[in-house]
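> Pasting a structure below so you can have a look.
The values are calculated or read from the model by the stated rules, or taken from the named source; none is laboratory data. From a predicted model like this one, the values you see are computed outputs, not experimental measurements. Cβ coordinates were reconstructed from backbone atoms using ideal geometry, including for glycine residues, and neighbour counts include every protein chain displayed. When the accessible area is computed, the model is the full protein with side chains, heavy atoms only, and any ligands, DNA or RNA have been set aside. Shrake-Rupley method; radii C 1.70, N 1.55, O 1.52, S 1.80 Å.
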Amino acid sequence: MLGSINFIVTVMNLRAPGLTYSMLNLYVWSLIITSLLLILALPVLAGAITMLLTDRNFNTSFYEVMAGGDVVLYQHLFWFFGQMMALILHFMFYMKQTVSGKVRIKRNNTTNISQYLKEIAFRVKIYFFFVTNPQVTQNNLFFWGTSENIRLLSTNNKNSSLKWNQWLSGLIDGDGCFLVSKKGYASLEITMDSRDSICLYKIKNKYGGNIKFRSGSNSIRYRLHHKEGLIKLIHDVNGEIRNPNRILQLEKICNLYHIKIIPPLPLNTKNNWLSGFFDADGTITINRSNLQLSISISQKDPRLLENLPSLFSGKVYIDRNSNTYKWYISKKEDILNLVDYFKEFPCYSEKKNRLYLVYKFYELKNLSNNEDLINSFLKKWKNFKV
């Protein structure tokens with residue numbers, strides 16, 4: 001910054017008498033323009049890099065999308081480098097000089113070159129902002145016509161939105177709660193383990209709200225009480241909530257906001273609800289004594305579990321230790337079928353890490369003579385606590 005200011009001030013104040021700007025050597029002009037670009041770019045670039053450092057080291061969320069950050073801002077950090085590179089390359093191309101100072105182009109074209117460089121910078125800006133940024137292009141599809149690719153993209157967006165609504169409904173059925181205060185204020189609360197905070201940040205990024213760590217426990221709570229965001233969420237999950245208690249809670253809020261409650265359709269294997277429900281109340285473990293892998297979901301209300309055996313096999317029984325009902329599967333074929341379901345309808349909590357290791361576990365289990373590989377795998381498995 002100081003060096004750039006020094007170059008500009010020197011050219012302005014220490015020129016020879018009668019030496020106008022139009023008579024300056026093109027090398028001097030290149031220094032002036034480069035200095036101006038550095039003065040304009042470096043403060044913003046320094047601020048962007050500082051925000052990136054605080055994101056990496058101090059848990060801020062300027063760029064973290066899941067925590068409410070701006071992905072476009074993160075992209076513009078790299079755009080500075082792209083723009084500066086384009087400017088430098090084109091400037092070098094048009095400003096070639098011999099060692100003796102014989103200029104390859106006329107001095108009076110300097111202004112035209114500057115305008116050309118600005119046009120290049122603008123084109124680079126448009127390319128990175130509109131072409132490579134899906135958040136912008138998805139909102140401006142009408143600029144691109146009505147080709148078959150756009151229609152396919154719109155269909156994928158609808159399917160993705162439906163999957164999100166089903167996943168969110170399953171999560172709320174497991175760990176959520178709709179509340180209406182005595183004064184008539186409605187809210188939604190979801191409490192999860194702190195390791196699964198990414199799930200709550202996804203919800204916050206879409207609907208707003210706030211997230212706080214609960215004192216005295218290793219859990220984190222999401223709370224949404226803003227009317228606009230809450231109504232948007234209700235429209236998304238209405239018709240997908242399956243927990244009878246949640247349906248009663250949701251009905252109170254729907255009556256408050258004059259929204260018609262929609263009953264859910266029967267659950268099937270093409271519904272993303274189970275992924276959200278598994279993120280809330282699911283468990284995947286390995287019994288070290290007999291190397292038996294099992295997947296289970298615990299719930300106090302058996303009505304949420306009664307359809308799972310007919311869809312995904314397994315059984316439902318009463319767990320006397322936790323005084324809850326548990327859906328449990330342990331057969332290899334059933335587990336692999338369930339893992340295939342989670343590939344199509346993925347989880348977002350830390351449980352997904354163990355789901356990714358299921359196939360590897362069965363491969364190593366077949367190598368019964370290699371205990372070292374199995375022990376190494378179990379140590380890796382233990383790192384993904386659920």
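> Looking at 240, 306, 251, 228, which one is over 30 Å from residue 365 (Cα atoms) and crowded, with 20+ Cβ neighbours inside 10 Å?
240
> Here are some conditions: (1) open to solvent by less than 50 Å² (accessible area, probe 1.4 Å); (2) more than 27 Å from residue 305 (Cα to Cα); (3) modelled with pLDDT of 90 or more. Residue 256 meets all but one. Which one does it not meet?
(1)
Conditions tested, residue by residue: (1) under 20 Å from residue 274 (Cβ atoms); (2) in contact with a strand residue (DSSP E or B) (Cβ under 7 Å, 6 or more places away or on another chain); (3) open to solvent by less than 80 Å² (accessible area, probe 1.4 Å); (4) modelled with pLDDT under 70.
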{"position": "136", "(1), (2), (3), (4)": "no, no, yes, yes"}
{"position": "145", "(1), (2), (3), (4)": "no, no, yes, yes"}
{"position": "148", "(1), (2), (3), (4)": "no, no, no, yes"}
{"position": "183", "(1), (2), (3), (4)": "no, no, no, no"}
{"position": "194", "(1), (2), (3), (4)": "no, yes, yes, no"}
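> What number of residues within the stretch 330-365 satisfy the criterion of being farther than 24 Å from residue 162 by Cβ, part of a helix (DSSP H, G or I) and more than 18 Å from the chain's Cα centre (by Cα)?
14
> Looking at the structure I just gave you, is residue 267 within 22 Å of residue 222 (Cα to Cα) and among the aliphatic types (A, V, I, L, M)?
Judged against the criteria, residue 267 is not a match.
> Return only the number of the condition from (1) free of Cβ contacts under 8 Å to residues at least 40 places away in the same chain; (2) over 23 Å from residue 63 (Cα atoms) that residue 207 does not satisfy.
Among (1) free of Cβ contacts under 8 Å to residues at least 40 places away in the same chain; (2) over 23 Å from residue 63 (Cα atoms), the lone unmet condition for residue 207 is (2).
Rundown of residues vs (1) at pLDDT 90 or above; (2) open to solvent by 80 Å² or more (accessible area, probe 1.4 Å), yes/no style:
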residue: 326; (1), (2): yes, no
residue: 329; (1), (2): yes, no
residue: 352; (1), (2): no, no
residue: 358; (1), (2): no, no
residue: 363; (1), (2): no, yes
residue: 369; (1), (2): no, yes
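> Does the stretch 175-182 include one or more residues that are charged (D, E, K, R), in contact with a Leu (Cβ under 7 Å, 6 or more places away or on another chain) and over 19 Å from residue 298 (Cα atoms)?
no
> May I ask you to say which residue of 206, 158 is part of a helix (DSSP H, G or I), modelled with pLDDT of 75 or more, under 20 Å from the mean Cα position of the chain (by Cα) and basic (Lys, Arg)?
Matching residue, one of 206, 158: 206.
> Suppose the filter is modelled with pLDDT of 90 or more, out of contact with any Cys (no Cβ under 7 Å at 6 or more places or on another chain) and under 25 Å from residue 165 (Cβ atoms); does residue 311 pass it?
So residue 311 fits the description; yes.
> What are the residues in the stretch 245-263 that are within 20 Å of residue 280 (Cα to Cα) and free of Cβ contacts under 8 Å to residues at least 60 places away in the same chain, if any?
245, 247, 248
> In the stretch 10-63, how many are surrounded by 13 or more Cβ atoms within 10 Å (Cβ to Cβ), in a helix (DSSP H, G or I), free of Cβ contacts under 8 Å to residues at least 40 places away in the same chain and among the small types (Gly, Ala, Ser)?
Of the residues in the stretch 10-63, 2 are surrounded by 13 or more Cβ atoms within 10 Å (Cβ to Cβ), in a helix (DSSP H, G or I), free of Cβ contacts under 8 Å to residues at least 40 places away in the same chain and among the small types (Gly, Ala, Ser).
> To continue, here is another question. Are any of the residues in the stretch 208-221 open to solvent by 40 Å² or more (accessible area, probe 1.4 Å) and under 20 Å from residue 254 (Cα atoms)?
no
> Among the residues of the stretch 303-318, is any among the basic types (Lys, Arg) and closer than 30 Å to residue 201 by Cα?
Yes: the stretch 303-318 contains one or more residues that are among the basic types (Lys, Arg) and closer than 30 Å to residue 201 by Cα.
> Would the stretch 52-65 turn up any residue that is closer than 26 Å to residue 211 by Cα, of a type in the set (A, V, I, L, M) and at pLDDT 80 or above?
yes
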